[in-house]
Amino acid sequence: MGTIPDTGCSGFCPCLKGTRAGERGGTEMSAGEKAKAKAEQVVGRAVRKVAHAVHKNTLEAKGAALETRGRMRGAKERTKDSFKH
């Protein structure tokens, strides 16, 4: 029941980013995900402010949505970190 199905690979599976087949990591991705969250916030804020300046309401809403998505991604990462420690 708890065994890893044989996928025919040599023990290291490229689809699992270099981890042994079946191992679950996640600590190495946290910094990258946090950076992605911050980048989305910055880009979303810039798009929102530029769109507001040129009176493009639809683009302003898209920028606000991108900024919010970045904030939610950051909140998710902070929550994951709080359970690790």
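Please treat every number below as a calculation from the coordinates, not as lab data. This is a predicted model, so every value here is computed, not measured.
Using only alpha-carbon positions in region 28-85, the gyration tensor eigenvalues give semi-axes of 28, 9, 6 Å once each is multiplied by 5 and square-rooted (largest first).
Fully extending the segment from MET72 to ALA31 would add 13.2 nm, taking 0.36 nm per residue of separation and subtracting the current Cα-Cα distance. Applied to region 39-56, the Karplus parametrisation 6.51 cos²θ - 1.76 cosθ + 1.60 on θ = phi - 60° returns per-residue 3J(HN,Hα) values of 4, 4, 5, 5, 5, x, 5, 5, 4, 4, 5, 5, 5, 5, 5, 9, 6, 10 Hz, with x for Gly and Pro.
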